[in-house]
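Asker: Just passing along the structure, written as structure tokens.
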Amino acid sequence: MTAASDSQSVGIVTPQVARFDEPLTLACGKDLPAYELVYETYGELNAARSNAVLICHALSGHHHAAGYHSEEDRKPGWWNECIGPGKPIDTNHFYVVSLNNLGGCHGSTGPTSINPETGRAWGPDFPSLRARDWVNSQARLADRLGIDCWAAVIGGSLGGMQAMRWSLEYPDRLKHCVVIAAAMKLSAQNLAFNELARQAIISDPAFDDGNYIYEQVTPAQGLALARMVGHITYLSDEAMANKFGRDLRSGSFEMGDEDNIEFQVQSYLRYQGSQFSGSFDANTYILMTRALDYFDLAREYNHDPVKAFSHARCSFFVASFSTDWRFSPARSREIVNALIAADRPVTYTEIEADEGHDAFLMPIPRYLQAFTAYMKRVGGAA
């Protein structure tokens, strides 16, 4: 599909850059002297500036959430299924802002950017980040765009964590918080998977303590392995069975056949790893996964999520997927239970889906129906 053939697309979009020269104090205590955020917008901001929606991306996401970058572009933005005319986040009604987070590697200031103090790339010296740093930088972007209050802040996975952080840090600057396939903190199992992915990168000899960027090499093998580990956790057993089963890509179990046997799932994982290693930065991956590890919504509220959510002023929509074992429905129900105990308005849906964690990116009919219904409520109040 292309921009010309996709009738429900936002069409061709052009990324924009916002530069901020005022230092940003980070949660780690360091100051980022100046930075840039790359972002895209879809739809039109109304006269009251009340219909703006912020999209917060997940671990390996970026600003290009919908539409195409050229007529020839065959791959739309990562959430094209949900953003556009007549879609859940309807650009006939909403002004949508999607950015590449600080620390990213798709144009916003991050490890691949130039450190003004040294004149060379930040590399492994880029300061540690937390979700609240992303939220604070996003708030500055909202100021730049003249948006005092978001109609909704929306995110899936790590993006949902940012949305929840918005509800606590800037309670008067959003009307609705949409949290999809997320959690208030990572489980020990999730921490373990992230560490395994980081060790895959760090153990690649080309990584060189993150200094590979100065040697113009890439720890491609480590990045590919990290992506393969991550991808396994994004898919459910059902999804992998339906997509691959035990089908062979090459070789045979026939007696006398000495060719190496390769399963379809092996080939798929290697392809995903290879594609990712050519488009993502290793230092960024480590930075982002550590920020994900560090996230704990209720830490500063004596680990009491009810106390945390008592600071929120918005309404919430929480969605989970039955086969998501990375951020299971149980984690979403913990969010919902805390919101109810904090007397916050919340709508919850648990979608039956075989796609696992990646389901939040998929055009699953029941999911799109529930998402659309809630966003119509958001639009009615915008």
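Nothing in this text is a laboratory measurement; each read-out follows from the coordinates by a stated rule. Small disclaimer: the values here were computed from a predicted structure and weren't measured. All Cβ positions, glycine included, derive from the backbone under ideal geometry; neighbour counts span all protein chains shown.
Asker: Can you give the local net charge around ASP343? Use residues other than it whose beta-carbon is closer than 15 angstrom to its beta-carbon, Lys and Arg +1, Asp and Glu -1.
Answerer: Every neighbour counted, the sum reads +2.
Asker: Here's another thing I want to ask about it. Output the peptides 115-122, 352-359 sorted from most to least packed, where packing is the average of other Cβ atoms within 10 Å over each peptide's residues.
Answerer: Per-residue mean Cβ counts within 10 Å order the peptides as 352-359, 115-122.
Asker: Top mean-square fluctuation among LEU102, LEU158, LEU368, Gaussian network model of the chain, C-alpha springs under 10 Å?
Answerer: Maximum among the listed residues: LEU368.
Asker: Hey, what do the phi angles of region 237-244 turn into as Karplus ³J(HN,Hα) couplings, whole Hz, using 6.51/-1.76/1.60 and θ = phi - 60°, x for Gly and Pro?
Answerer: Listing the rounded values in order: 4, 5, 5, 5, 5, 5, 7, 10 Hz.
Asker: Can you give the extra length, in nm with one decimal, that the chain gains between ASN92 and ASP237 once fully stretched, where that is 0.36 nm per residue apart less the Cα-Cα distance?
Answerer: Gain in length upon complete extension: 48.4 nm.
Asker: Please compute, for the alpha-carbon atoms of the chain, the extent along each of the three principal axes and give them in descending order in Å.
Answerer: Principal extents (Cα only, largest first): 73, 52, 50 Å.
Asker: Next question. Between ASN92, ASN101, ASN194, which gets the highest mean-square fluctuation from a Gaussian network model of the chain, Cα cutoff 10 Å?
Answerer: With Cα springs under 10 Å in the chain, the top fluctuation among ASN92, ASN101, ASN194 is at ASN92.
Asker: So what are the ³J(HN,Hα) numbers for region 106-120, from phi and the Karplus equation (6.51, -1.76, 1.60; θ = phi - 60°), rounded to whole Hz, Gly and Pro as x?
Answerer: The phi angles translate into 10, x, 6, 4, x, x, 8, 7, 7, 7, x, 7, 10, x, 10 Hz.
Asker: Let me ask something additional. Can you list which of the trypsin sites (Lys or Arg not before Pro) found in region 1-86 are DSSP loop residues with at most 12 other C-beta atoms within 10 Å?
Answerer: Within region 1-86, the qualifying trypsin sites (Lys or Arg not before Pro) (loop, at most 12 other Cβ atoms within 10 Å) are ARG74.
Asker: Return the distance in nm (one decimal) between the two label points of a simple spin-label model at TYR214 and ASP31, each offset 7 Å from Cα along Cα→Cβ.
Answerer: 2.5 nm
Asker: Also: Any chance you could run the full-extension gain for ASP148 through SER274? It's 0.36 nm times the residue separation minus the Cα-Cα distance, nm to one decimal.
Answerer: Working: separation 126, 0.36 × 126 = 45.36 nm, distance 4.19 nm.
Taking 0.36 nm per residue and subtracting the Cα distance, the gain is 41.2 nm.
Asker: Using a Gaussian network model of the chain whose springs link C-alpha atoms within less than 10 Å, name the residue from MET161, MET288, MET362 with the highest mean-square fluctuation.
Answerer: Looking only at MET161, MET288, MET362, the largest GNM fluctuation is found for MET362.
Asker: Filter the GluC sites (Glu not before Pro) in region 159-255 to those in DSSP coil with at most 12 other Cβ atoms within 10 Å of their Cβ, and list the result.
Answerer: GLU215, GLU254
Asker: While we're looking at this one, here's another question. So how far apart, in nm, are the two label points at ALA206 and ASP293 if each is 7 Å from Cα heading toward Cβ?
Answerer: Computed distance between label sites ALA206 and ASP293 equals 2.3 nm.
Asker: Using a Förster distance of 30 Å, how high is the FRET efficiency between GLN266 and SER7, based on the Cβ-Cβ distance and rounded to 0.05?
Answerer: Rounded to the nearest 0.05, the efficiency is 0.20.
Asker: Take the residue pairs LYS30/LYS185; LYS87/LYS307; LYS30/LYS87; LYS185/LYS376; LYS87/LYS175; LYS75/LYS307 and return only those whose Cα atoms are more than 32 Å apart.
Answerer: LYS87/LYS307; LYS30/LYS87; LYS75/LYS307
Asker: Expressed in nm to one decimal, what extension gain is obtained for the pair HIS69 and HIS311 from 0.36 nm per residue of sequence separation less their Cα-Cα distance?
Answerer: Roughly 83.1 nm would be gained on extension.
Asker: Turning to a different aspect of this structure: With each run of n ≥ 4 DSSP H residues scored as -39500 (n - 2.57), what mean residue ellipticity at 222 nm is computed for the chain after dividing by its residue count and rounding to the nearest 500 deg cm²/dmol?
Answerer: Helix-only estimate at 222 nm: -10500 deg cm²/dmol.
Asker: Would you grab the residues whose amide H sits under 5 Å from the one on ALA52? Only those 5+ places off in sequence or on another chain, please, with H modelled 1.01 Å from N.
Answerer: HN-HN under 5 Å from ALA52: TYR95, ALA151.
Asker: State, to one decimal in nm, how far the label point of ILE114 lies from the label point of ALA188, with both points 7 Å from Cα in the Cβ direction.
Answerer: 4.8 nm
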